[in-house]
Amino acid sequence: CPAPAAARPRYAASLVAGASQFDLSGTGTTALLGIRVEAELRRWLVVEGALGTFRPEEQFGRRARYVVPEAQLQLQIPGRVVRPYLGAGGGYVFAGGGWQTTGTVSGAAGLRVGLPGGRVDARGELRARGIGRSFSGSTAEWTAGLAYRF
């Protein structure tokens, strides 16, 4: 009798990096770094917690640090190797030296790709974000990264 196949781990932690195209107190593109943790509630449903940071150059040459903690629910197409997904969520944006706080809503489209060995995934994603009341600010975040599944 053959041994049953090992189940793919349901949890993952990832590091991502990329570019944030922003429209805040000025417009442009800047580097973005983030960490994310996720749990597969079902093969098709993932909950993710994320923390990202970027430093856009705003009006008058000012650079403010933005820190974005958020959570998302993601619907993914189950697969052994490739798992595309769509997500929606929200959180907060902490901005500048005085840490001004405002709400944020985000939507994501991405792809998880299992690498040989079963514990490491590659990630690619576009996350669009509306910031503040009536979405007075926005970003489009293009990221890629690696996740370790456990």
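So the values come out like this:
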{"read-out": "Members of region 53-103 found to be surrounded by 16 or more Cβ atoms within 10 Å (Cβ to Cβ) and outside any strand (DSSP E or B), listed by number", "value": "Pro56, Glu58, Ala64"}
{"read-out": "Qualifying residue in region 26-38 (condition: in a strand (DSSP E or B), open to solvent by 90 Å² or more (accessible area, probe 1.4 Å) and among the hydroxyl-bearing types (Ser, Thr, Tyr))", "value": "yes"}
{"read-out": "Cβ pairs under 8 Å, 6+ apart, first in region 111-135 and under 21 Å from Ala71 (Cα atoms) and free of Cβ contacts under 8 Å to residues at least 40 places away in the same chain, second of a type in the set (S, T, N, Q) and open to solvent by 30 Å² or more (accessible area, probe 1.4 Å)", "value": "Ala128/Ser138; Gly130/Ser138; Gly132/Thr102; Arg133/Thr102"}
{"read-out": "Pick from region 116-140, criterion over 15 Å from the mean Cα position of the chain (by Cα) and closer than 18 Å to Val46 by Cβ, ranking: most open to solvent (accessible area, probe 1.4 Å)", "value": "Arg119"}
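The values are calculated or read from the model by the stated rules, or taken from the named source; none is laboratory data. These numbers were taken from a predicted model, which means no experiment stands behind them. Here the Cβ is made from the backbone with ideal geometry for all residues, glycine too, and neighbour counts use every protein chain on show. Areas reflect the complete protein model, heavy atoms only, side chains present, ligands, DNA and RNA absent. Shrake-Rupley method; radii C 1.70, N 1.55, O 1.52, S 1.80 Å.
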